[in-house]
Amino acid sequence: MINTLLKPVIRFIPENNRWERIWKLAQVDFKKRYYNDRLGLFWALLNPLFQIMIYFFVFKYVFKVPTENYGIFLFAGMIMWMFFAEIAQKGLAMIRSKKYLLENIQFNKMDLFYSTMITGFLGFFFNLVAFTIICHVLGIYYSWTFLKFPILLINVIMIGLGVSMILATIQIFFKDIVHAWSIVMLFGFWTSGVFFRAEKFLEIFPPILYIHPFNGIIINMRNITMGLGEWNYVLMVVDLAWGFLLFFLGRYLFLKYSSKGIELM
């Protein structure tokens with residue numbers, strides 16, 4: 001099913017051992033999630049669809065949140081955050097889980113992170129499809145501003161990869177980073193603006209809009225999908241700066257210390 005959906009894209013990927021290896025690693029990791037399930041990969045689409053319907057019902061009719069289409073509002077933020085969280089989380093166990101590859105096969109170490117990013121993207125793709133379907137059912141249609149969506153996608157990927165590589169490096173020397181990271185993620189989630197409009201921080205602590213890149217990403221995601229406002233170019237530039245900084249910092253640290261990590265594991 002995955003090959004069928006992505007066949008038009010795969011045609012344009014250069015045929016060489018490196019790209020094939022990255023794709024196969026990602027494909028295997030993604031398929032393992034649904035290997036023993038009767039409906040298989042259909043759960044990748046059904047899960048987010050049911051999540052959106054549950055959020056819509058609970059917040060619309062139980063909590064009676066005044067925000068219009070709150071279920072969609074919430075999920076627009078969640079799909080971006082979940083994509084980042086999955087990519088970043090993989091870094092915590094990267095060296096240990098892939099040690100057999102790092103020790104026995106000569107290849108670019110960065111390919112492991114690229115493969116996990118693709119795995120995360122496959123899950124994100126199904127979430128985005130579910131989100132789009134529900135938006136159309138509720139009469140929410142994307143405008144031409146949705147053409148800016150790839151900027152947000154690239155931004156999330158760069159931040160996710162950067163954080164993943166930083167975590168993989170820290171984990172070599174500080175095993176308890178697993179527990180510390182769960183606390184950081186909890187704080188990051190509740191200050192990302194997933195459950196409310198991040199503009200509220202302007203009344204409480206304005207700098208967090210620029211310190212926490214996901215505030216800007218989620219604001220712009222909602223603006224281009226739900227028409228809640230204009231595209232914020234200032235936040236876009238700041239968030240992309242964070243993406244470049246984290247990616248190149250993570251890449252530098254991992255390439256420098258990963259060999260030591262293989263010896264210590």
Response to the item:
Of (1) in a loop (DSSP other than H, G, I, E, B); (2) at pLDDT 65 or above; (3) under 24 Å from the mean Cα position of the chain (by Cα), Val65 satisfies every one except (3)
Fill in: Qualifying positions in segment 236-259 - surrounded by 20 or more Cβ atoms within 10 Å (Cβ to Cβ) and under 20 Å from Phe146 (Cα atoms)
Asp239
Discussion item. Pull out all pairs, ordered by first then second residue, where Cβ-Cβ is under 9 Å, the residues are six or more apart or on different chains, the first lies in segment 238-256 and is farther than 16 Å from Val156 by Cβ and modelled with pLDDT under 95, and the second is surrounded by 15 or more Cβ atoms within 10 Å (Cβ to Cβ) and of a type in the set (S, T, N, Q).
Written reply: Leu253/Thr169; Phe254/Ser164; Phe254/Thr169; Lys256/Thr169
Item to complete: Output the residue which, of all residues in segment 118-157 that are assigned to a helix (DSSP H, G or I) and among the small types (Gly, Ala, Ser), is nearest to Ala241 (Cα to Cα).
Response: Gly120
Worksheet entry | One residue from Met117, Met94 being modelled with pLDDT of 85 or more and more than 21 Å from Asn69 (Cα to Cα) | Met117
Worksheet item: Is there a residue being modelled with pLDDT under 75 and crowded, with 21+ Cβ neighbours inside 10 Å anywhere in segment 83-90?
Response: no
Practice prompt. Test Ile219 against the stated conditions and say whether it is surrounded by 13 or more Cβ atoms within 10 Å (Cβ to Cβ), of a type outside the set (Gly, Ala, Ser), without any contact (Cβ under 8 Å) to a residue 40 or more places away in the chain and closer than 24 Å to Pro150 by Cβ.
Written response: yes
Practice prompt. Identify, from the list Ser192, Ser115, Ser164, the residue that is hydroxyl-bearing (Ser, Thr, Tyr), in a loop (DSSP other than H, G, I, E, B), in contact (Cβ under 8 Å) with a residue 12 or more places away in the chain and surrounded by 15 or more Cβ atoms within 10 Å (Cβ to Cβ).
Written response: Ser192
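The values are calculated or read from the model by the stated rules, or taken from the named source; none is laboratory data. Owing to the predicted nature of the structure, the values given are computational and were not obtained by experimental measurement. Cβ atoms come from the backbone with ideal geometry, glycine included; neighbour counts cover every protein chain shown.
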